[in-house]
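Below is one structure, written out as structure tokens; the observations come after it.
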Ligand code: MOS
């Protein structure tokens, strides 16, 4: 494949195919469920059929007698788990099967273990539960009257005023504004819907637990499992080399690995649990439903003077995170003399929300970026010009500049690539046959995060170099990024780098989330490579059988796999063979430093899209999308492009298709399957023109790379909604924008 989108004059032109690509397409890549443990028993989760209440009793007699059944565990016949786990990683405020309370429809209330998956599933159907049922609260709009204040959001007060001198309240600033717009924006609860349903295989051997568990963080899983099972962390190993999509819902440790590990210990056999698609909807978290109101005040020239952003996000009686919309967007996206944020939560009897790709920004940008478009219409101002006028150069309310911010260039380059100048600003001005055609745009934003990370580099006697770390590849490209960075650090072809990841026994690494995997792990590759080269030179000059024995270390340098001394050169493989060792290795670490108080670190971007809406059926279709990203240095153009395309497609789902139907009376997710919970398929996805600006952010890390895993999805829904407004003259403030909302 050719790279049509490499920036002209880009410093970094690397564009290689996934190093794990062959494994993926040949079935050689083994996911958790592919692990065939000897004598494995199969567990099947039994879920509650009410949303709120107490289980009085459960009749498991028929299930226990069913063919192949080994055990049936319930709150009345417990698998012991203990509290004290890391709540960050558990995803719930309680542990499964430890009490008889039902907190949401589809909660795990039992585990049937049998010789086969089918036997376990069939036996589960024979269990009956008798509940004391209480009426659930499951509707966000109905719950708003009882909304509560979470107190703090992202380290700041949940109600936050950044007001100019002498301004008493945001409403005062709005009243004094020359132009105002206000809108209420709603979106339903959503589910991550990764291609790979969650799965665990738990294997105990001599008091050692090996857990094959698809996860974004082997180390967080390990910590939670060890605490809940009451075993030393050193006795647990978590393996997860390939993950079929995470999007945030393979960070927390859900019920199935806890129960699989406990059941395997009790039964003395490996236990495998693979969730069904339907089970993933309730067992593994969601994105909050959100209702937001954004009110903007501006001068006639478009200068923002007041931004007021309020949100109600659904949360769960079981805890979890929530969608923090104002604090992740209006907090800092534009310069404004007055900013007011207000985040409330509505606690419902529904499965707990968890992080989902661009948590906060996804919903927040839909509201803010639609409101900006409404303001542009009211001002008769070009939406790009409006955004350029309000571009923030310092982080509002904090006296810190961005380390590197080229959002203005994203707008200009994007507008040019897309052909924005051909847009007639009048809504409903372009009709092609039965289609109304419109163009819209919006801003993308996501903070750059960086965590401490370690990497091991090992020169092998077989001529390859192993680069490994306990990070994760969710399909994001981390296998390839390690190979590319190893290749660059060592001056060797990518084909000679052997990568390994997704195993808690590898060099310490918290994993892949917060768009921070490359930014965290990348810098450690260079540190480890440098340390390993030093080890190699030390061995070369000290070992008696080395051809370089006795040469002063200062006279030896490393050059593309060779050690070079005056008048001598030897490849590392020849050296290792000569001295009779299989390898030389070193571990290197990298972590954020004091620079992290001195700058704000953020990735930015701009989306431009063209839609057409059928005049008679209301059907919205996308024609094309241009996305320009300012993400710092791009390590590998091909997988980076794939990341951004994936983010854009995620946003198409948000805009046009996705939404869990939570029945208000029962708390049941009525469309917990991929036939009725609609995701974008190929026919929904137009050509996506992805373009990266090339501005390495070396104040952020030595690599200059910020994250790109999430920024690509932020703003897409607003860009599409804005284009639909341009096409039809109709402003839809309720997602997803389905054809029924567009019928004349
Ligand atoms: Mo991301 S929602 O931190 O996987």
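The values are calculated or read from the model by the stated rules, or taken from the named source; none is laboratory data. Everything quoted here is computed from the prediction, not taken from an experiment. Quick reminder, even Gly has a Cβ in these numbers, built from the backbone with ideal geometry, and neighbours come from all protein chains shown.
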Exercise. Do we have any residue at all in the stretch 155-172 that's buried (at least 20 other Cβ atoms within 10 Å of the Cβ), assigned to a helix (DSSP H, G or I) and in contact with a strand residue (DSSP E or B) (Cβ under 7 Å, 6 or more places away or on another chain)?
Worked result: yes
Exercise. Got at least one residue in the stretch 648-656 being in a helix (DSSP H, G or I), more than 16 Å from the ligand (Cβ to nearest atom) and over 19 Å from the mean Cα position of the chain (by Cα)?
Worked result: yes
Exercise. From 307, 294, which residue is outside the structural domain of residue 365 (by TED's automatic domain parsing), over 26 Å from the mean Cα position of the chain (by Cα) and part of a strand (DSSP E or B)?
Worked result: 307
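Conditions tested, residue by residue: (1) closer than 19 Å to residue 638 by Cβ; (2) within 16 Å of the ligand (Cβ to nearest atom); (3) touching a strand residue (DSSP E or B) at 6+ places or on another chain (Cβ under 9 Å); (4) touching a residue at least 60 places away in the same chain (Cβ under 8 Å).
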{"position": "490", "(1), (2), (3), (4)": "no, no, yes, yes"}
{"position": "512", "(1), (2), (3), (4)": "yes, yes, no, yes"}
{"position": "538", "(1), (2), (3), (4)": "no, no, yes, no"}
{"position": "557", "(1), (2), (3), (4)": "no, no, yes, no"}
Exercise. Is the stretch 544-558 home to any residue that is assigned to a strand (DSSP E or B) and either at pLDDT 95 or above or more than 42 Å from the chain's Cα centre (by Cα) (or both)?
Worked result: yes
Seminar exercise, completed: When restricted to 499, 471, 518, 505, the only residue in a helix (DSSP H, G or I) and modelled with pLDDT of 95 or more is 518
Exercise. Looking at (1) more than 16 Å from the ligand (Cβ to nearest atom); (2) out of contact with any helix residue (DSSP H, G or I) (no Cβ under 7 Å at 6 or more places or on another chain), which is the only condition residue 504 fails?
Worked result: (2)
For this session: Could you pull out the residue among 707, 712 that is within 16 Å of the ligand (Cβ to nearest atom) and modelled with pLDDT under 95?
Result: 707
Exercise. Has the stretch 610-626 got any residue that is in the same structural domain as residue 461 (by TED's automatic domain parsing), within 30 Å of residue 476 (Cβ to Cβ) and surrounded by 15 or more Cβ atoms within 10 Å (Cβ to Cβ)?
Worked result: no
Problem set entry | Search result, residues across the stretch 225-251 that are surrounded by fewer than 20 Cβ atoms within 10 Å (Cβ to Cβ) and within 16 Å of the ligand (Cβ to nearest atom) | 244, 245
For this session: Out of the residues in the stretch 316-330 that are buried (at least 24 other Cβ atoms within 10 Å of the Cβ) and more than 16 Å from the ligand (Cβ to nearest atom), state the one that is farthest from residue 386 (Cα to Cα).
Result: 316
For this session: Test each condition in (1) closer than 27 Å to residue 541 by Cβ; (2) touching a helix residue (DSSP H, G or I) at 6+ places or on another chain (Cβ under 6 Å) for residue 605 and report the one that comes out false.
Result: (1)
Exercise. Got at least one residue in the stretch 670-680 being assigned by TED's automatic domain parsing to the domain that holds residue 611 and either assigned to a helix (DSSP H, G or I) or on the phi > 0 side of the Ramachandran plot (or both)?
Worked result: no
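Mind counting the residues in the stretch 517-534 that are touching a residue at least 60 places away in the same chain (Cβ under 8 Å) and surrounded by fewer than 22 Cβ atoms within 10 Å (Cβ to Cβ)?
So the answer is 3.
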Exercise. Only one residue in 707, 721, 712 is under 16 Å from residue 446 (Cα atoms) and part of a helix (DSSP H, G or I), so which one is that?
Worked result: 712
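Every residue, every condition in (1) touching a residue at least 24 places away in the same chain (Cβ under 8 Å); (2) at negative phi, yes or no:
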{"site": "380", "(1), (2)": "yes, no"}
{"site": "423", "(1), (2)": "yes, yes"}
{"site": "426", "(1), (2)": "no, yes"}
{"site": "440", "(1), (2)": "yes, yes"}
{"site": "443", "(1), (2)": "yes, yes"}
{"site": "449", "(1), (2)": "yes, yes"}
{"site": "457", "(1), (2)": "yes, yes"}
Exercise. Do the conditions hold for residue 97, that is, is it part of a loop (DSSP other than H, G, I, E, B), surrounded by 14 or more Cβ atoms within 10 Å (Cβ to Cβ) and touching a strand residue (DSSP E or B) at 6+ places or on another chain (Cβ under 7 Å)?
Worked result: yes
For this session: Report, by residue number, each residue of the stretch 202-220 that is within 14 Å of the ligand (Cβ to nearest atom) and closer than 20 Å to residue 451 by Cα.
Result: 215, 216, 217, 220
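Can you find a residue that is within 16 Å of the ligand (Cβ to nearest atom) and either touching a residue at least 24 places away in the same chain (Cβ under 8 Å) or in contact with a strand residue (DSSP E or B) (Cβ under 6 Å, 6 or more places away or on another chain) (or both) anywhere in the stretch 716-733?
Within the stretch 716-733, one or more residues are within 16 Å of the ligand (Cβ to nearest atom) and either touching a residue at least 24 places away in the same chain (Cβ under 8 Å) or in contact with a strand residue (DSSP E or B) (Cβ under 6 Å, 6 or more places away or on another chain) (or both).
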Exercise. Could we say that residue 51 is assigned to a helix (DSSP H, G or I), surrounded by 23 or more Cβ atoms within 10 Å (Cβ to Cβ) and either on the phi < 0 side of the Ramachandran plot or at pLDDT 95 or above (or both) here?
Worked result: no
Exercise. Hey, residue 696 hits all of (1) within 30 Å of residue 433 (Cβ to Cβ); (2) part of a loop (DSSP other than H, G, I, E, B); (3) in contact with a strand residue (DSSP E or B) (Cβ under 8 Å, 6 or more places away or on another chain) but one; which does it fall short on?
Worked result: (1)
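Rundown of residues vs (1) in contact (Cβ under 8 Å) with a residue 60 or more places away in the chain; (2) touching a helix residue (DSSP H, G or I) at 6+ places or on another chain (Cβ under 7 Å); (3) more than 22 Å from residue 42 (Cα to Cα); (4) outside the structural domain of residue 379 (by TED's automatic domain parsing), yes/no style:
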{"residue": "161", "(1), (2), (3), (4)": "yes, yes, yes, yes"}
{"residue": "166", "(1), (2), (3), (4)": "no, no, yes, yes"}
{"residue": "188", "(1), (2), (3), (4)": "yes, no, yes, yes"}
{"residue": "199", "(1), (2), (3), (4)": "yes, yes, no, yes"}
For this session: Output yes when any residue across the stretch 194-210 is more than 30 Å from the chain's Cα centre (by Cα), closer than 30 Å to residue 379 by Cα and surrounded by fewer than 20 Cβ atoms within 10 Å (Cβ to Cβ), and no when none is.
Result: no
Exercise. Residue 254: surrounded by fewer than 22 Cβ atoms within 10 Å (Cβ to Cβ) and either more than 16 Å from the ligand (Cβ to nearest atom) or within 25 Å of the chain's Cα centre (by Cα) (or both), yes or no?
Worked result: no
Exercise. Considering only residues of the stretch 339-373 that are farther than 26 Å from residue 51 by Cβ and surrounded by fewer than 24 Cβ atoms within 10 Å (Cβ to Cβ), which is farthest from the ligand (Cβ to nearest atom)?
Worked result: 340
